[in-house]
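Values in this text are rule-based calculations from the coordinates and carry no lab data. A quick note: this is a predicted structure, and the numbers were derived from the prediction, not measured. Positions of Cβ are generated from backbone atoms using ideal geometry, with glycine treated the same way; all protein chains shown enter the neighbour counts.
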Amino acid sequence: MHVDFKDLALFIQIAEAPSLTQGARRAFLSPAAASVRIKALEAQLGTHLLYRASRGTELTEAGQRLLKHARVIMRQVGYLKTEFDEYGADGSGHIRIFANTTAVTEFLPEILAGYLGRNPGVTIDLQERSSRDIVRGVLEGSTDLGITAGTITAKDLEVIHFSTDRVVLVVPVGHPLDRGQPLRLADTLEYHQVGLQEGSTLHEFVREHAEQAGRNLSWRIQVSSFEALCRMVEAGVGIGIIPQSAALRHQKTLRLSVVQLDEPWALRERSILVRDFDALPGCVKALINLMRPASDDSGKQPG
């Protein structure tokens, strides 16, 4: 069986688009030419990959399986091209990163700014995703690396520890919970909560631990950023749980009290996720080495 890389790239474009026509346009082909290529690919594989309808296309079960493999293959082809580019060993390339809210807003901007300043030939696509999407993206090859917090149980991943992350409670100054001593999560559940939007990593994290305590959180409002959350807390809308780094930063400009949480899960491990560190191009390895602790000799822990 001989599968053309161009056919795989076209198939990915169509799978990620609402229709064959739009996928073909992204691949700079006419719909007729794209249809011929997909039919030829189906003939080679001996199975149907797409359901075709007037409203668009939908992947068959075989198409879903091919999409996972195609993404990994095309990602590796990209790595190969980068490695053999004139400066590909470490000076140029494109890196896609899926990261949680804390990483995107709190520490990655400074790290990436320094990295890009030293590597002008590198471009980066940084996308905020939930932990579930981050793990799936790395496994399926739709991202070069993922950054998340908490325990990672997925197989076939290399988990590279690089720091720790503590979540804390933020309350308005003078709030009944502003006692100057650590609190348990149960102590906070009778109060209205300000949280991030549903689907965010932190939202799911806090909700799960509240459910484990046998309670549901009383969401007063959900917002899109730590800054908005802290402003709502300052205004007395409710209380919120956020990373300590974000709490201390916003406490400098807002009237907030930061309260430690006396919970074992309040301290979380931050991790970089990759499929195979040794197979990554030089530019990605250089970024990972910049993030992980110098004291970590190998940095790799089988996931």
(message) Over 5 Å intervals from 0, what percent of Cα-Cα pairs in region 116-228 sits in each interval?
(response) 2, 8, 16, 17, 18, 14, 10, 7, 5, 2, 0
(request) Quick one: angle between helix 61-83 and the longest Cα principal axis of the chain, in degrees between 0 and 90, rounded to 10, please. (result) 90 degrees
(request) For the chain, set up a Gaussian network in which alpha carbons nearer than 10 Å are linked by springs, and say which option among Val138, Val237, Val168 fluctuates the most. (result) Val237
(request) Evaluate the distance, in nm, between pseudo-label points positioned 7 Å from the Cα of Arg166 and of Glu263 along their respective Cα→Cβ axes. (result) 1.5 nm
(request) Would you mind finding the longest exposed-site-free stretch of the chain, with exposed chymotrypsin sites (Phe, Trp or Tyr not before Pro) meaning DSSP loop and at most 15 other Cβ atoms within 10 Å? (result) 88-303
(request) Indicate the gyration tensor shape class of region 5-71 (rounded, prolate or oblate), computed on the Cα atoms with a ≥ b ≥ c the square roots of the eigenvalues: a/c under 1.5 is rounded; otherwise a/b larger than b/c is prolate and the rest oblate. (result) rounded
(request) Place +1 on the Cβ of every Lys and Arg and -1 on the Cβ of every Asp and Glu in region 166-237, take the dipole about the Cα centre, and give the residue among Ala235, Val173, Gln197 whose Cα lies farthest towards its positive end. (result) Val173
(message) Nearest 10 degrees is fine. How inclined is helix 131-140 to the longest principal axis of the chain, computing both from alpha carbons?
(response) 20 degrees
(request) Enumerate by residue number the trypsin sites (Lys or Arg not before Pro) in region 147-225 meeting two conditions: DSSP loop (anything except H, G, I, E, B), and at most 15 other Cβ atoms within 10 Å of the site's Cβ. (result) Lys155, Arg179, Arg184, Arg215
(request) For Glu140 paired with Arg215, estimate the spin-label separation in nm (one decimal), with each label point 7 Å from Cα along the Cα-to-Cβ line. (result) 3.7 nm
(request) Any chance you could check the Cα centroid distance between region 121-197 and region 1-25 for me, in angstrom? (result) 34 Å
(message) Which entries of Lys6/Lys155; Lys39/Lys155; Lys252/Lys285; Lys6/Lys68 have Cα-Cα distances beyond 27 Å here?
(response) Lys6/Lys155; Lys39/Lys155; Lys252/Lys285
(request) Evaluate the charge dipole of region 71-226 about its Cα centre and quote only its size in Debye, nearest 20, assuming +1 on the Cβ of each Lys and Arg and -1 on the Cβ of each Asp and Glu. (result) 320 debye
(request) Could you calculate the contour length gain from Asn289 to Glu190, that is, 0.36 nm times the residue separation minus the distance between their Cα atoms, to one decimal place in nm? (result) 31.3 nm
(message) Please report the antiparallel percentage of DSSP beta bridges with both residues in region 151-303, rounded to the nearest 5.
(response) 75 percent
(message) How big is region 164-266 along each principal axis, measuring the range of its Cα positions in Å and listing the largest first?
(response) 34, 29, 29
(message) What number results when the radius of gyration of the chain, computed over Cα atoms, is divided by 2.2 N^0.38 Å?
(response) 1.18
